[in-house]
Structure formats: C-alpha cells, structure tokens
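The values are calculated or read from the model by the stated rules, or taken from the named source; none is laboratory data. The model shown is predicted, which means the values in this text are computed figures rather than measured ones. Counting neighbours? That spans all protein chains shown, and the Cβs are built from the backbone with ideal geometry, glycine included.
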Amino acid sequence: MKTRLADIAAQAGVSEATVSRVLNSRPGVAEDTRRAVLTALDVLGYERPARLRRRSAGLVGLMLPELDNPIFPAFAQVIERALAHHGYTPVLCTQTPGGATEDDYTELLLERGVSGIIFVSGLHSDSGADMSRYVRLVDRGLPMVFVNGWADGIDAPFISSDESVAVELAIGHLASLRHRRIGLAVGPDRYVPTARKIAGFRRGLAATFGVADAEPWIERSLFSVEGGQAAGGALVDRGATAVVCGSDLMALGVIRAVRERGLAVPGDVSVVGYDDSPLVAFTDPPLTTVRQAVAPMGAAAVRALLDEIGGGRAPRTELVYRPELVVRGSTGPAPVPGEALPVSGVAAGEKVVVTAETIPEPTRPEVVPAQQGPVARL
C-alpha cells in the first residue's frame, strides 16, 4: 500500500497523508483536494473503495500525435493533472504508425460520450489537412480546445507557443556569441509551427545581419533525431557554425552529425534546441534550448475547455505564450575570424572568407524570460 499511496499522491499533487485521509473518509480535507485524489485513483487504474465510488464529472479526450517526443508526455501530465483537479477523467489517445488515426480516436471518444477533447499538435496544425472534420465537430456541439497550431474557420479556442519569437531569441543569443553562419533545422513547412519558425528565422537574420535571402540556411526534415542528423549534416557541410533546431530531438541529431564530422559542440558548432524537454539538461553537452511554457499553456487549455463544457464561450482568439531561452552548454563563441559571412545571393556551400574588420557588429538583445501571461492573437 505504501507504493500505491506514493503513486496516487504524486498524481494528485498532494501528500501521502492526505491520500490516506481521503481513502479512509476522514475529515479535514478540502473538497477540491478530495476530488483530485479520487480522480488520481481513476487515472492510475486503481479501484475506488466501495464507499467512495461516485460518478466522475465526465471524460475528456486528450489527443497527442506521439509519445516519442518528450514534449508531448510533458503536456499530457500537466493537462491530466488539471483535469483531475476539476473532477474529470482524461482519456489519453496517442497515435502510432499504422495504428488508429486522429479521426478514429475522435469517433471512439464520441461513442464514449466525452465531455470535450483537447487536441495537442494534431491535424489542426497541418495546413494541408482537411479542417472540415473540426467544423463538423463544432456543429455537433462538442467542446474543443487546440494546442500549438492554428486554422481559420474553426470556432474554438487556440493555445500556442510563439514559435517565431523562439527562433528570434535563439538568433539573438547566437549573434551575441558572434556567430554569422546560422542554420535552421526544422520539420516540413506545411505545419503551422514550422512555418512560424521559418518566418522568425528570416526576420531574425534580416534584422540582425541584413540577410535578404535566408533560404540557403534552412533545412527541412523530420522532427526526430534522424531528421536532425540529416538536416544538421547538410548545414554544417554548408559552413554553418550554429544551428537552431525545431525540437530538442532534432538538436540531438544535429550534435550527432557534428561529431560524425570530427567537430565539437560547442567548440566548432553551437546548437540550440526547442521545447526544453525533460533530461536535455543532462545531455553531453547540456542543451541550450528554448522552453515552451508547458504548464501555463496546459492550464489555459483546461480552463478554456471547462468554460466550453460549462456553457460559456472561451475567447475565440489564439492565446500565444512567449517562450524562454535556457542557456546551457551546447552554445559558445563562434570560431575565430576566417569563417564565411552569410551573404544574399551566394550559393549554398560557396565560401566568402572575411576578416575581423569586415564582420558587422551584431545586435545584442537581452535574453527575455517568459511573460506572465499570453498575448491574444486575433
């Protein structure tokens, strides 16, 4: 029972003593806390004591594209805990290659009578997907909230991280370290988060270095270690001394590509990730990354969904949360002068050797932490 108490306490965010008081129906426990403990029992698959078996407030679907990328379990943990606190039982739906699709899971959830669904980085983030699937769900009156991604014509709340600002923060940090040949390794640009990262990259290079054509320094691949390895290898071969990545997994792939070429991180090439996934502080070297505001974003998604379930109407805007640059050991000063300067119109791989005198002085922006609240994007 000791192990079970610890598991339940961790899931509910309370002490083991509080769990014991709830299970034994003892007084002195707030109703919200009691409800959170009982919901934690449900989430972990433990059977409630007979005297405590009451109907939950309802089921809520939580749709994730995968669990291999650590950022998605991080979102799931925050959202599940917030739902449990309000008495709802989350139903986690995770897609796998060759398995059930998002549409399959949605139909299953509807058959189970869910109170609503939270979609995290789902098909709504794919500009090539058919958005009528969500319009039909709205017409059926299903409360929904969408995290990370935007699509016109869907009458529902959206919660996003500011992907564009994330890349600009990374470029500002690298510029302060006197890097000039900065590459971007991202996923397919049909995805809204990728398109926004690319827009931020173009804007950052133009504002910092006056680069009019950033395309030679953009590599699109898969959001995976292997994808990062392929994209990073191409950028390093092109002469990049720093690479900004679309995810932490891609960043790990870039580091692998750098080392395959007999180079060092950060001595020869600096690498910046995105997400601040669990454990990247313990990689070799510890990864400099841009942290998504996972906790406030997850809490906001649950609040918006509960407003919808309760008959209210959450704001029909995109709440955009500013990310935070976390500087660790994978970024350092650029190699000494003699590196190539990114110049508009120069073909990828062509060397334009410069001296210290011809390197423009970069802007040195502050490392800006996350804001207290989101910005509404209409």
Exercise for the section: Would you check if Ser115 is loosely packed, with under 14 Cβ neighbours inside 10 Å, among the hydroxyl-bearing types (Ser, Thr, Tyr), outside the structural domain of Ser224 (by TED's automatic domain parsing) and modelled with pLDDT of 90 or more? Expected result: no
Handout entry: Filter result for the condition that a residue is more than 19 Å from Ala166 (Cα to Cα), crowded, with 22+ Cβ neighbours inside 10 Å and without any contact (Cβ under 8 Å) to a residue 60 or more places away in the chain, over Val258, Val265, Val225
Key = Val258
Exercise for the section: Please verify whether segment 45-60 includes one or more residues that are on the phi > 0 side of the Ramachandran plot and touching a residue at least 60 places away in the same chain (Cβ under 8 Å). Expected result: yes
Practice task
Test Phe158 against the stated conditions and say whether it is more than 30 Å from Arg140 (Cα to Cα), under 20 Å from the mean Cα position of the chain (by Cα), touching a residue at least 40 places away in the same chain (Cβ under 8 Å) and crowded, with 20+ Cβ neighbours inside 10 Å.
Solution key: no
Exercise for the section: Output yes when any residue across segment 183-193 is assigned to a helix (DSSP H, G or I) and under 17 Å from Gly227 (Cβ atoms), and no when none is. Expected result: yes
Handout entry: Residue, surrounded by the fewest Cβ atoms within 10 Å (Cβ to Cβ), within segment 228-255, restricted to residues that are more than 21 Å from Asp276 (Cα to Cα) and among the small types (Gly, Ala, Ser)
Key = Ala234
Handout entry: Test: residue in segment 194-209 that is of a type in the set (A, V, I, L, M), farther than 27 Å from Asp152 by Cα, surrounded by fewer than 21 Cβ atoms within 10 Å (Cβ to Cβ) and in contact (Cβ under 8 Å) with a residue 12 or more places away in the chain
Key = yes
Handout entry: Of all residues in segment 268-279 being touching a residue at least 60 places away in the same chain (Cβ under 8 Å) and not in a loop (DSSP other than H, G, I, E, B), the one that is nearest to the chain's Cα centre (by Cα)
Key = Asp275
Exercise for the section: Filter segment 63-107 down to residues that are closer than 30 Å to Gly253 by Cβ and of a type in the set (D, E, K, R) and give me whichever is surrounded by the most Cβ atoms within 10 Å (Cβ to Cβ). Expected result: Glu80
Practice task
Name the single residue, out of those in segment 268-280 being within 19 Å of Ile198 (Cα to Cα) and of a type in the set (A, V, I, L, M, F, W, C), that is surrounded by the fewest Cβ atoms within 10 Å (Cβ to Cβ).
Solution key: Val271
Completion exercise
Restricting attention to segment 83-113, the residues that are closer than 17 Å to Ala295 by Cα and out of contact with any Pro (no Cβ under 9 Å at 6 or more places or on another chain) number exactly 3
Practice task
Considering every residue within segment 159-181, establish whether at least one is within 30 Å of Asp237 (Cβ to Cβ), outside any helix (DSSP H, G or I) and out of contact with any Pro (no Cβ under 8 Å at 6 or more places or on another chain).
Solution key: yes
Problem - Residue within segment 123-140 that is at pLDDT 90 or above and under 26 Å from Ile8 (Cβ atoms) present - result: no
Handout entry: Conditions (1) in a loop (DSSP other than H, G, I, E, B); (2) in contact (Cβ under 8 Å) with a residue 24 or more places away in the chain; (3) surrounded by fewer than 17 Cβ atoms within 10 Å (Cβ to Cβ): number failed by Leu142
Key = (3)
Exercise for the section: Hey, can you tell me all the residues within segment 281-306 that are in a loop (DSSP other than H, G, I, E, B) and surrounded by 24 or more Cβ atoms within 10 Å (Cβ to Cβ)? Expected result: Leu287, Gln292
Handout entry: segment 112-164: number of residues that are among the acidic types (Asp, Glu) and touching a Ser or Thr at 6+ places or on another chain (Cβ under 9 Å)
Key = 1
Problem - Selected residue (only one of Asp126, Asp103, Asp42 is over 23 Å from the mean Cα position of the chain (by Cα) and not assigned by TED's automatic domain parsing to the domain that holds Ser247) - result: Asp42
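A quick yes/no check of all residues on (1) in a helix (DSSP H, G or I); (2) modelled with pLDDT of 95 or more; (3) of a type in the set (Gly, Ala, Ser):
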{"site": "Ala9", "(1), (2), (3)": "yes, no, yes"}
{"site": "Val37", "(1), (2), (3)": "yes, no, no"}
{"site": "Glu47", "(1), (2), (3)": "no, no, no"}
{"site": "Asn69", "(1), (2), (3)": "no, no, no"}
{"site": "Pro90", "(1), (2), (3)": "no, no, no"}
Exercise for the section: Hey, could you check segment 94-121 for residues that are part of a helix (DSSP H, G or I) and aliphatic (A, V, I, L, M) and say which is farthest from Gly187 (Cα to Cα)? Expected result: Leu110
Fill in the blank from the handout: Contact list, first residue from segment 169-191 and of a type in the set (S, T, N, Q), second anywhere and surrounded by fewer than 20 Cβ atoms within 10 Å (Cβ to Cβ) and modelled with pLDDT under 95, beta-carbon distance below 7 Å, six or more apart or interchain, is Ser176/Pro362; Ser176/Arg364
